[in-house]
Amino acid sequence: MFRNLNEPVKVLFSVPDLLISPAILENMLKIHFRDNVKARRLLSDCLYERVLSDESEERINSQALLIKHGGLWHEHPL
């Protein structure tokens, strides 16, 4: 699978709804930040390294987890 790690595209947008923005942070972004299966970390020299998990850590693939829940993150706490 092609991965766009050399020329990543960043998208920024505001979420003015004060009820939705905490839900996005808690239920979506925190899942992606916990990913230790497919995640990569951008280093100061503009290279990427894989985020590796300890054997004691639960393995979390954020994309698979969100797909498993059908995108209904607001109805099913992850």
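Residue separation times 0.36 nm, minus the C-alpha to C-alpha distance between S14 and V37: what's the value?
5.4 nm
Would you work out the relative contact order for region 20-68, in percent, from Cα pairs under 8 angstrom that are 6 or more residues apart?
With pairs under 8 Å counted, the relative contact order is 35 percent.
Which of the three applies to region 20-68, rounded, prolate or oblate, going by the alpha-carbon gyration tensor with a ≥ b ≥ c and a/c under 1.5 meaning rounded?
Cα axes put region 20-68 in the oblate bin.
Residues with amide H under 5 Å of R40's amide H, sequence separation 5 or more or different chain, H placed in the peptide plane at 1.01 Å from N; which?
Here the answer is V51, since their amide H atoms fall under 5 Å of that of R40.
Based on the mean of other Cβ atoms within 10 Å per residue, sort peptides 52-58, 28-34 so the most packed one is first.
Per-residue mean Cβ counts within 10 Å order the peptides as 28-34, 52-58.
None of the figures in this text is laboratory data; all of them are computed from the coordinates on show. The structure presented is a predicted model; accordingly, all values stated were derived computationally and were not measured. Quick reminder, even Gly has a Cβ in these numbers, built from the backbone with ideal geometry, and neighbours come from all protein chains shown.
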